[in-house]
Each structure stands twice: as C-alpha cells, then as structure tokens.
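Data block below; observations after.
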Amino acid sequence: MYFTENPVLQRELLVNLRTGRAFVLLAVYQILLAIVVLLAWPADERLDLTSSPPSARRLVDLFFLGQYVIASLMAPSFAAGAVTGEKERMTFEMLLASPLKPAAIVIGKMVASLTHIGMLILASLPIIVLCLPLGGVSLFEVLAAYLGLIVSVVLFGAIGVACSSYFSRTSASLVVSYLIILPLVMGGVLFWRSLEGSGELRLKLMLLVVPAYAITAVILLCGNAAGRMLYPPDIGSEGKEVIDPELENERAVGLVIQRDQFPDRLFAPPKKQTLMADGANPVYDKEIHSEIFSQGTLMLRLVIQISMLLAIPLMAWLLFSDVQRCGWFVVYVVVFNMLVGPVFLAGSISGERERQTLDLLLTSTITPWQILWGKLLVGLRISFVLTCFLLWPLLLAAGLVDSYWSNWLSVILMFAIVLMVCATNGVIAMFCSAFSRKTSVSLITTYTLILLLYSFPVPVVSLLNILE
C-alpha cells in the first residue's frame, strides 16, 4: 500500500516524469554541473597524477558542493506543492475521502517528488568519472559525498512536504521551505569543507551519524504531515476559506501580528471600516487590506521569526565582532529578499487567472496601468518593510561603532543596494506572473531568473579568464 500498490505514487510518477519539464530540467542540471567542472578544471599544463595535485581535489570538492547546492534548491520546488497542489486544484477533500491511509498519501507524494531529483543525481555519475582520474580524492570520499547528498535531499523533501501540509498556497509553502533549508545547506557546506582530507572520517559520519539524525527528522516530519491529513484543520471549501485574523492570533504560538499597531500596520494594515476616498485605486486598497492575508498570517509570522533568528548571530559576528566583513550581512539581507520578496508578487496576475477573476477585472473601468501599479506597490511595500526589519542592526552598528562613521558613504550605498534589489525582484516577479497560468510556475520562474541575474556574471567572468 505504501510503495508497491500506492495509486498516489503511481499517478505522481507518471505526471512528473512524462512532462517536457522533466527532460528540460535534466539537460539544465547537466549543463550547470558541466559549467562547474569547466570553471574548476585545473589550468596547469602538466599534472603529476602521482602526487594528488591540490587543484584536482579542489575540482572534485567544488563539483560535489555545486551538485549539493543545486539539488538542495531543487528538492523543495518538487515537494513544497505536494499537499497545497491538491488544495489549489480543489481535489484535497476527494483525496482525504479515499480509502488510502494518510501515511501512504504522504509517502507517495514525497517519494514521487524526490524520484526525479534522484535521477538527476545518478545522471551526474559520468561527469564525476571524468574527474576521478585526476586524483586527489579517494573512493571513500566519493561514497560519502553521494550518500550525504541523497540523505540531504530526502530530508529537504520531507521539510517541503511538511510545510505543504500547513499552507493553502504553494508559494507560501515554498518560501518557508527555502528559509528552513537555506541554513541547513550552508551548514552542510561548512561541515564538508571542515573535513577536507579526511575521507574515512567523512564516510563514517555520513554512514552512521548523519543518516541517523536525518531519518529521525524525516519520520517526524512525515508523521506530522500525516497527522494533519488525518485530522485536517483546514477542511471545507477545499481548504480555501478566508481565515479570521483575530481567531488566528488567539491560537497563534510565538509572534502575533497586531494589524492596528506599529510597526505591524506598515505591512499588514487593518481592514478599512470606511468608504474609499474619491480617486483611490481600488486594486491597491483591496490587495493591501484584504487579499494579501486572506489565507492567514502563518507564512508571514514564520518568515519574520526565522529571518530574525538567523540574523541575530550574524549581526553579533559581522557587524560588531568583525567589522571588515560587515558587507556579508548585507548579502544575507539580499538573499532574504530574493527568497521572500517574489512571493508577494509572483501571484499578482496568475492568482487572478487561478481564481478565474482576471476577465472580470479586465472588463471593469479600472485601467490596466492602475491594476499593475496597484498590485506592484502592495508587493513592494510588504517586501521592503520585511527587509527593513533586518536592516535595523546596521543602523544600530552605525551608531555604536566608530568605524561606520568614517565610512558613512558605504553604509548609505548598502541601503541603496538593498532598495534596488527589492525593486528589481518585485518587477521580475510581476513580469513572470503576467505570463504564467499558475502561481507556482511563476514563482519558480522568478527564482530562476533572479538566480541567473545575480550569479551568472561570476561564471561568465571566470570562463573568460580561462579562455584568455
């Protein structure tokens, strides 16, 4: 029932592996790994293969780390829509009414979403075979790397499925999954680099320690998702009913958003009790007061708490202890906006298509320009306010550390960079939303374009240097 005769698993495998996206993704994955190998290939004219050249070890390590980061970023894109996709297609209640056990549904969804990633990992074997003859790495390290990669992908897939059970929209599930997975990916990279040169130790840890903790976390996450499907709290209207914010705050654990108080009203103003003023944009008024948080504030509360939890140690280390590296804190803020900012605009137009209200909106007296800038300003407002919550430590450091006063122009430029990043990410997200039929497709496309925009210049410059 769980694997051999699971209709959910069979259906998901057929749908995922027969689409044109599967073949395109396989080609893109191989091209990205080939670029990583090309950039890290030793530039020496002659290599002494008997002495394990350090350039060869650097090549293999960079290949595995590149594959680890790419596969980790892909895993949530498949798993984060496992349950929310059923809610968006209005088939969630039908699935719960089937004779399948909740655990079988969760396992089928997760295994099907990770099968494609597993195929991509296996497809990378020919590339690593080309690198092994250079030396510098043992067979134990190769086994440890692939075992750690598979275990990590399974864990990240379980995180995506668990987040999917808590939300009604794939975009919200995907963003929270990325926020949880990102520090784990960074920790995995640092852990692998710290054990450089210890192949047997890497293999022992990857064979005994890491799988034990990862499997335990996977069981707990899948059990939690199955428990929510056994007693679903969001049943009714396919899980799309409007949530009462006051009742949600009463049941919330941790951060509570008070929409009538500062600074919460900057990004979540309360619903209007009066009529709109003459000449006001009805799209902006409706989006900012009702539509954005009609499905509740769980995603927003998790985003704020996770981002602040990660920002506190970075603030203490980069802004106060190691002033010379304060720019990395701005990098963290930029990465945060890259993950969170697009979610508020990636569904601005595609969401209207999914609700079948775009035709009604276009036939109203509101001009297309008013529709676009109304939705754009709402998304940019929320994105900018949430990002500014992470910039206050920089203002605090500027007031307490003398080094920032002597470089006040650099501090101003840091704020300007964050502002430009917010605007750029928002415009890209709305552009993708205008051409996508589904919000999930729009969000994935936005992330892909943003990643290419910020990371593509680096390999291009490195490739040009190699060719010279």
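The values are calculated or read from the model by the stated rules, or taken from the named source; none is laboratory data. Keep in mind that what you see is a predicted model, and the values were worked out from it rather than measured. As a convention, Cβ positions derive from the backbone with ideal geometry for all residues, glycine included, and neighbour counts pool all protein chains shown. SASA here: full protein model, heavy atoms, side chains in, ligands and nucleic acids out. Shrake-Rupley method; radii C 1.70, N 1.55, O 1.52, S 1.80 Å.
See the values below:
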| item | result |
| --- | --- |
| Accessible surface of Ile349 - all protein chains present, 1.4 Å probe, nearest 10 Å² | 20 |
| Theoretical FRET efficiency, 1/(1+(r/R0)^6), r = Cβ-Cβ of Val69 and Ile312, R0 30 Å, to 0.05 | 0.75 |
| Protection proxy ranking of 179-185, 102-108, 26-32, 163-169 - average other beta-carbon atoms within 10 Å, highest first | 163-169, 102-108, 179-185, 26-32 |
| Cα-based convex hull volume of the stretch 66-106 per residue, rounded to whole Å³ | 61 |
| Gain upon complete extension [Ala434, Lys272; 0.36 nm per residue less C-alpha separation] | 55.5 nm |
| Residues Leu362 and Thr91, FRET efficiency given R0 of 25 Å [Cβ-Cβ distance, rounded to 0.05] | 0.35 |
